[in-house]
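Here the structure is laid out as structure tokens; the discussion comes afterwards.
The values are calculated or read from the model by the stated rules, or taken from the named source; none is laboratory data. Please read these numbers as outputs of a predicted model, since none were measured by experiment. Here the Cβ positions follow ideal geometry from the backbone for every residue, glycine too, while neighbour counts run over all protein chains shown.
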């Protein structure tokens with residue numbers, strides 16, 4: 001082809017049109033539309049699942065582009081569907097009992113949420129909601145059904161345009177209930193307005209969308225540290241504005257969204273929530289909407305809510321902050337959690353220092369070594385500190401792995417039960433207490449070091465979790481719910497008995513070498529370290545600090561390692577109930 | 001007769017027992033059923049104007065519940081310009097395999113985002129398959145029939161665009177375990193492809209291409225990136241405007257191997273980067289390119305601390321050579337060094353580089369880039 005033939009007939013037509021004057025129907029008249037079309041094309045491409053997607057190919061095989069990571073299911077999944085009046089539950093092998101459990105949770109969610117929004121469905125009924133269950137985060141992330149990027153880390157997603165949601169089966173029944181009800185609320189509240197998302201009118205702010213989902217989630221199923229983050233922000237005067245809450249991202253935003261929705265429901269009734277949502281779709285997030293439904297301006301609502309929060313969170317306000325006496329035990333290293341001694345002065349802990357997820361790290365005489373390069377959700381250290389058993393979902397399902405601390409060698413642990421959630425190594429070294437979730441709720445089993453089941457400690461319909469061994473290796477303390485609060489129970493080798501009964505939560509017990517049980521005590525976002533006598537059940541709060549302290553582990557000599565939440569970060573502190581050592 | 005009945009009785013009983021098993025009365029009843037995929041509409045976005053002439057743009061997506069079947073389509077009609085463009089893609093996922101078919105007719109820009117090289121109209125059909133071994137590694141296959149005709153050619157573009165039809169194929173092995181936050185990993189592929197003169201198509205050639213990029217974190221802020229890239233086309237019958245072109249930055253799309261429509265968008269990695277030289281400076285049927293870049297995060301103090309804004313500084317050395325019909329196209333050393341800044345804006349990298357060619361006759365140049373160059 002000659003160079004001067006580089007213009008085709010189509011191009012010549014376009015050039016000719018450019019040469020015409022606008023009043024003659026020239027290009028200027030249509031250029032605005034043309035650019036709009038191009039912008040829409042770019043928008044479509046930007047929103048395609050892979051940013052490097054070929055412009056001209058709309059398949060999603062992974063062959064369209066040179067680089068980029070792709071979803072690769074770690075194992076074959078045999079999908080089934082369980083159909084009901086309001087829901088269709090999609091699940092695969094190993095989740096049969098969980099799917100049946102989900103059916104009742106979903107009906108509970110429907111009955112909890114639907115009546116308040118039934119007015120949205122007078123003309124069009126809500127079609128059956130499709131619920132897709134995944135056994136692990138890895139299965140979830142590698143599934144096309146989620147519609148999320150490979151690296152996204154939500155517990156579930158709701159595709160309200162098509163009435164479909166995908167959730168990860170949570171470690172506990174409580175968490176699963178929370179995630180399911182949260183996501184179902186999204187579908188019930190947003191699906192009726194699916195056509196408005198692309199049309200005229202307004203959009204609801206995220207604080208109401210997520211706030212409704214959190215509000216309808218039962219209190220005991222709400223992630224506890226969301227309220228912890230809210231309390232911390234109230235103390236620090238770091239509440240975000242209504243404008244900022246149009247976009248909800250982290251824990252604090254979710255907590256604020258819940259608190260604001262809860263405030264409106266308390267002050268104006270549940271009916272106002274549906275009205276507010278509907279008005280947002282008509283008029284948008286403007287003063288007019290608030291005036292019409294609540295009778296006050298947006299600013300006034302924010303100020304009233306803020307005053308309510310100041311009143312709500314009083315506990316611990318006057319206590320000294322831990323930072324006035326102690327420094328974080330390790331500087332840097334991102335989010336840090338669950339520090340446990342590993343003998344000879346070594347400490348193992350979880351950190352998100354070099355990953356979006358938590359890995360195991362070993363602290364030894366001031367030096368820190370990364371032990372794993374995969375997500376670790378729980379772990380236990382052998383009595384001599386030479387080995388660590390940890391749980392990871394790197395193969396798709398949750399599995400136990402054995403790690404040699406010195407060499408770093410990792411081998412699979414042949415556990416006879418599926419879906420381990422927690423593990424605790426007996427102080428005598430010859431058996432394990434493993435929390436597993438095979439039927440929707442967690443139970444505790446005794447397991448040999450060969451992976452065989454020795455005994456079932458608990459097998460009830462509620463969650464039983466967080467086992468910790470007594471120093472003699474014969475008894476266990478664990479957590480289970482009783483009348484709406486988490487309580488400590490003791491298993492003495494034969495029988496289980498309730499140890500605590502106060503009207504607050506008792507979590508994360510650790511049986512100390514001094515014979516006392518250390519645990520996390522509190523509710524409403526304020527958790528402290530406490531200790532209880534295993535025989536008499538007498539409880540004493542140890543931490544005098546303003547901050548929430550989690551996962552406390554007593555060290556020989558009286559000091560305690562705790563995870564402290566402060567200003568959006570979790571750091572490990574080493575503190576003493578008798579106060580800091582004074583030097584000089 | 002009686003004996004006959006006696007002999008037939010066991011046969012009747014067997015027959016009855018055999019067919020009574022068809023009804024699984026004894027089997028365990030389960031309340032679920034196997035999943036069967038079926039396409040449903042997810043959404044359709046129609047944008048339609050009519051002011052005497054019709055402009056319509058429609059984007060739609062259909063999928064099965066588990067999205068193991070997906071259909072996306074895009075239609076663009078402009079009555080005044082007598083344009084009717086469409087792209088339709090159907091994907092099927094089955095375990096680690098994904099297969100897809102695309103049908104398209106669309107004007108496409110072959111060149112970087114901000115500088116048209118060649119606009120051509122492409123109509124074709126592509127069959128794709130990928131074995132997704134892991135998240136980081138995959139083996140892909142492509143068979144594609146395409147008819148193309150030029151719409152526009154930039155004056156700086158060195159080759160005259162062809163009008164023709166090609167039946168291309170490609171097999172490619174790919175690895176990408178790069179982590180931007182850790183500034184660590186490898187991006188690499190090796191590809192064998194070409195075209196066959198079947199079904200009345202006019203091109204016949206074989207192409208081999210490789211790309212290898214390695215990222216070394218030196219500390220929390222500083223990383224070194226090393227890149228080697230090369231390719232060779234055997235056979236004279238290839239569309240000359242789809243050969244190898246180097247020069248400038250983010251010379252995307254130019255050297256799509258058997259990958260005929262290697263249409264990177266704004267975020268695609270550059271196919272070649274030879275800073276210090278103008279776009280489309282060199283074109284040929286064989287090339288080699290190497291890059292070394294030292295990258296420092298100036299703000300914030302760690303990649304894990306990146307939120308909306310970040311600033312990076314770079315120093316680099318680029319070098320390459322290109323051959324056509326066995327002849328090197330440049331006798332001077334085609335190499336350049338320089339430095340630059342990269343702005344991280346809400347996930348999008350915007351880069352400004354200043355490159356000084358080693359060739360004393362050439363002048364230093366500024367280069368703008370969008371997205372990751374490496």
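If you take the residues in region B:194-219 that are more than 28 Å from residue B:156 (Cα to Cα) and surrounded by 17 or more Cβ atoms within 10 Å (Cβ to Cβ), which one is modelled with the highest pLDDT? Result: B:215. Filter region A:114-142 down to residues that are under 21 Å from the mean Cα position of the chain (by Cα) and part of a helix (DSSP H, G or I) and give me whichever is nearest to residue B:95 (Cα to Cα). Among those residues, the one meeting the criterion is A:139. Report yes if some residue within region B:136-147 is free of Cβ contacts under 8 Å to residues at least 60 places away in the same chain, surrounded by fewer than 22 Cβ atoms within 10 Å (Cβ to Cβ), within 10 Å of chain A (Cβ to nearest Cβ) and not in a strand (DSSP E or B); otherwise report no. There is at least one residue in region B:136-147 that is free of Cβ contacts under 8 Å to residues at least 60 places away in the same chain, surrounded by fewer than 22 Cβ atoms within 10 Å (Cβ to Cβ), within 10 Å of chain A (Cβ to nearest Cβ) and not in a strand (DSSP E or B). If you filter region A:66-82 down to residues that are facing chain B (nearest Cβ under 7 Å) and either crowded, with 24+ Cβ neighbours inside 10 Å or farther than 20 Å from residue B:69 by Cβ (or both), you find that the one that is modelled with the highest pLDDT is A:82.
Note on region B:60-89: residues that are within 7 Å of chain A (Cβ to nearest Cβ), part of a strand (DSSP E or B) and closer than 22 Å to residue A:72 by Cα amount to 3. Of the strands (runs of 3 or more DSSP E) entirely within region A:507-569, those holding at least 3 residues that are closer than 24 Å to residue A:227 by Cα and modelled with pLDDT of 95 or more occupy A:517-523, A:526-532, A:548-554, A:560-566.
Consider region A:86-99 and keep the residues that are in contact (Cβ under 8 Å) with a residue 60 or more places away in the chain and not in a loop (DSSP other than H, G, I, E, B). The one that is farthest from the chain's Cα centre (by Cα) is A:97.
Are any of the residues in region B:107-122 at the interface with chain A (Cβ under 7 Å from one of its Cβ atoms) and within 30 Å of residue A:76 (Cα to Cα)? Looking for residues that are at the interface with chain A (Cβ under 7 Å from one of its Cβ atoms) and within 30 Å of residue A:76 (Cα to Cα), one finds none in region B:107-122, hence no. Reported count of residues in region A:390-426, each being surrounded by fewer than 16 Cβ atoms within 10 Å (Cβ to Cβ) and over 21 Å from the mean Cα position of the chain (by Cα), is 10. Within region A:330-363, if we keep just the residues that are closer than 22 Å to residue A:554 by Cβ and in a loop (DSSP other than H, G, I, E, B), the residue that is nearest to the other protein chains (Cβ to nearest Cβ) turns out to be A:330. Within region A:511-530, the set of residues being surrounded by fewer than 22 Cβ atoms within 10 Å (Cβ to Cβ) and touching a strand residue (DSSP E or B) at 6+ places or on another chain (Cβ under 8 Å) comprises A:512, A:513, A:514, A:516, A:523. Just to verify a result, which residue in region B:19-53, among those that are modelled with pLDDT of 85 or more and away from chain A (no Cβ under 11 Å), is nearest to residue A:88 (Cα to Cα)? Selected residue: B:38. Here residue A:106 passes the criteria (1) at pLDDT below 95; (2) away from chain B (no Cβ under 13 Å) except the one numbered (1). Screening A:190, A:176, A:165 for residues that are away from chain B (no Cβ under 14 Å), surrounded by 19 or more Cβ atoms within 10 Å (Cβ to Cβ) and in contact with a helix residue (DSSP H, G or I) (Cβ under 8 Å, 6 or more places away or on another chain) leaves exactly one candidate, A:176. For region B:158-180, the set of residues classified as in a loop (DSSP other than H, G, I, E, B) and at the interface with chain A (Cβ under 9 Å from one of its Cβ atoms) consists of B:160, B:161, B:162, B:163, B:177, B:178, listed by residue number. If you scan region A:128-153, which residues turn out to be more than 19 Å from residue A:106 (Cα to Cα) and more than 9 Å from every other protein chain (Cβ to nearest Cβ)? Result: A:136, A:137, A:138, A:139, A:140, A:148, A:149, A:151, A:152, A:153.
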